[in-house]
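Values quoted throughout were computed directly from the atomic coordinates according to the rules given, and no laboratory measurement underlies them. Note that the structure is predicted; figures quoted are calculated from it, not measured. Please note: Cβ atoms are built from the backbone with ideal geometry, for glycine as well, and neighbour counts cover all protein chains shown.
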Amino acid sequence: MDRQPVESSLIRSIGFDPVSSILEVELVEPRRVYVYYDVPFSVYDELMDAPSKGQYFNEYIRDLYAYEERVDIPMPPSLSPKDAEDAAEDPPEFFRWRQGTLPIMPREP
């Protein structure tokens, strides 16, 4: 799922899958991603329109929906955000894996 960067001191990015009603919220610090289940589109829409996304999240989403917490994978030190932008056409293996596609490992003979 693609997350969109947002202006917030609490939230780095937000993504929503309307088919599965899954909301992903990436926090600024600590850098974690929370995956919330069975979130109505109207809640996602209100979150994106809220003047304070952090306040809306804390009041109407956090602790009200079933969720999983996962630690986001830190960016390798050798790959800067500028390098990542430059590689958007052909992302490095790190980013393909992070988006859910595991790298193909060669078989041992």
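Semi-axes of the stretch 4-71's equivalent ellipsoid from the Cα gyration tensor, sqrt of 5 times each eigenvalue, largest first, rounded to whole Å? Show your work: numbers first, answer last.
Working: eigenvalues 51, 40, 23 Å².
Calculated on Cα positions only, the semi-axes equal 16, 14, 11 Å.
Compute the length gained on full extension between Asp45 and Glu68: take 0.36 nm times their separation in residues and subtract their Cα-Cα distance, giving the result in nm to one decimal.
Working: separation 23, 0.36 × 23 = 8.28 nm, distance 2.09 nm.
So the extension gain works out to 6.2 nm.
For the stretch 44-72, backbone nitrogen atoms closer than 15 Å to the point 7 Å from Ser20 Cα along Cα-to-C-beta are found at 66-70.
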